[in-house]
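Student: Dumping the structure here so I can ask a few things about it.
What follows draws every value from the coordinates through simple rules; no lab data is involved. Here the structure is a predicted model, which is why all the values come from computation and not from measurement. No Cβ is skipped: glycine too gets one built from the backbone with ideal geometry, and neighbour counts run over all protein chains shown.
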């Protein structure tokens, strides 16, 4: 178990869930087949607790979209990032201002380890937002 996070771009918000929800695993071929286009993965993080904390704070500020109850935690929930969110994230990465976040299975602070990857994600997210995709 651990803290895994993914970022993707697609032509609409919620595409990752839609892709998995509308697909089936074919035991004969060993392939997953979906009626929806698979979103493009932009980044994958394993145990980056402070980025998780940053995203959770943004989720709270946006009114907890995707939460099914008032007690639900920020886990397994898709969060759409807008242009200004990406700008704010970049600033916080560059200023070493991601909020210190701890939790069960979160691991240690990994901001320095992921800094280059985080900035590459920002670059890719901007490019895809410019093209009209959702991140």
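Student: Of 104, 121, 74, which is the most mobile in a GNM of the chain whose springs link Cα atoms less than 10 angstrom apart?
Tutor: Most flexible of the set in this elastic network: 104.
Student: For the chain, set up a Gaussian network in which alpha carbons nearer than 10 Å are linked by springs, and say which option among 62, 27, 123 fluctuates the most.
Tutor: Looking only at 62, 27, 123, the largest GNM fluctuation is found for 27.
Student: From the alpha carbon gyration tensor of the range 4-130, can you work out the equivalent ellipsoid semi-axes (sqrt of 5 times each eigenvalue) and give them in Å, largest to smallest?
Tutor: Semi-axes (√(5λ), whole Å): 26, 17, 16.
Student: With springs only between Cα atoms under 10 Å apart, run a GNM on the chain and tell me which of 107, 14, 63 wobbles the most.
Tutor: Judging by the Gaussian network model, the answer is 63.
Student: Taking the Cβ-Cβ separation of residue 83 and residue 104 as r and a Förster radius of 35 Å, what is the calculated FRET efficiency to the nearest 0.05?
Tutor: So, using R0 = 35 Å, E works out to roughly 0.55.
Student: Between residue 91 and residue 69, how high is the FRET efficiency from 1/(1 + (r/R0)^6) when r is the Cβ-Cβ distance and R₀ = 41 Å? Nearest 0.05.
Tutor: Calculated value: 0.80.
Student: Taking the highest mean first, how do the peptides 81-94, 43-56 order by number of other beta carbon atoms within 10 angstrom per residue?
Tutor: Ranked from most to least packed, the peptides come out as 43-56, 81-94.
Student: Using only helices, what value at 222 nm comes out for the chain when you add -39,500 (n - 2.57) per DSSP H run of length 4 or more and divide by the total residues, to the nearest 500 deg cm²/dmol?
Tutor: One gets -12000 deg cm²/dmol as the mean residue ellipticity at 222 nm.
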